[in-house]
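Q: Sharing a structure here in structure tokens format.
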Amino acid sequence: MDEMLREFVVEALDLATNVEEHLLSLERNPGDMNTLNAVFRSFHTIKGGAGFMNLTAMVSACHLTENLFDALRTGKVAVTPEAIEAALEASGFVADQLAALNNGTPPEQLSTMPPALERMLTDAIEGSP
């Protein structure tokens with residue numbers, strides 16, 4: 001793994017760990033704007049690095065999750081268990097991709113974003129159960 005990719009993976013894994021903690025906190029306090037903003041920024045940051053590294057599945061998952069958190073922050077969509085579950089699934093997918101890279105999987109061999117995850121995130125953005 002080249003040095004730039006290695007640095008991205010280390011930083012993104014740290015962000016992904018924080019995201020999971022924030023999401024669990026958000027379950028207890030759904031109106032916490034600081035947490036909503038922190039999750040949005042984390043996915044935005046990971047998306048930027050993943051885009052630079054040409055990790056398209058990760059970019060797609062982060063982009064949809066970023067859209068979800070934009071809708072949650074602006075009040076267009078309520079913070080529901082379904083929205084948090086969708087974000088947890090996206091966070092898990094991103095963490096799995098990062099772990100695979102960290103374990104030596106070449107970027108071109110990473111899995112694509114599962115259609116079920118895309119549907120889950122899209123439904124959450126639209127406020128659908």
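Readers should treat all values here as calculations from the given coordinates under stated rules, not as data from a laboratory. As the structure is a prediction and not an experimental result, all values here were calculated from the model. For neighbour counting, all protein chains shown are included, and Cβ atoms are generated from backbone atoms with ideal geometry for every residue, glycine included.
Q: Each residue of region 88-105 in order: what ³J(HN,Hα) in whole Hz does its phi give by Karplus 6.51 cos²θ - 1.76 cosθ + 1.60, θ = phi - 60°, with x for Gly and Pro?
A: Each residue's phi maps through the Karplus curve to give 5, 4, 5, 4, x, 4, 4, 4, 5, 5, 5, 5, 4, 4, 4, 8, x, 5 Hz.
Q: How large is log10 I(q)/I(0) at q = 0.10, 0.12, 0.15, 0.16 Å⁻¹ when the Debye formula is applied to the Cα atoms of the chain, each weighted equally and without solvent?
A: -0.28, -0.41, -0.62, -0.71
Q: How many nm separate the modelled label positions at E7 and S128, each set 7 Å beyond the Cα in the direction of the Cβ?
A: Those two pseudo-labels are separated by 4.2 nm.
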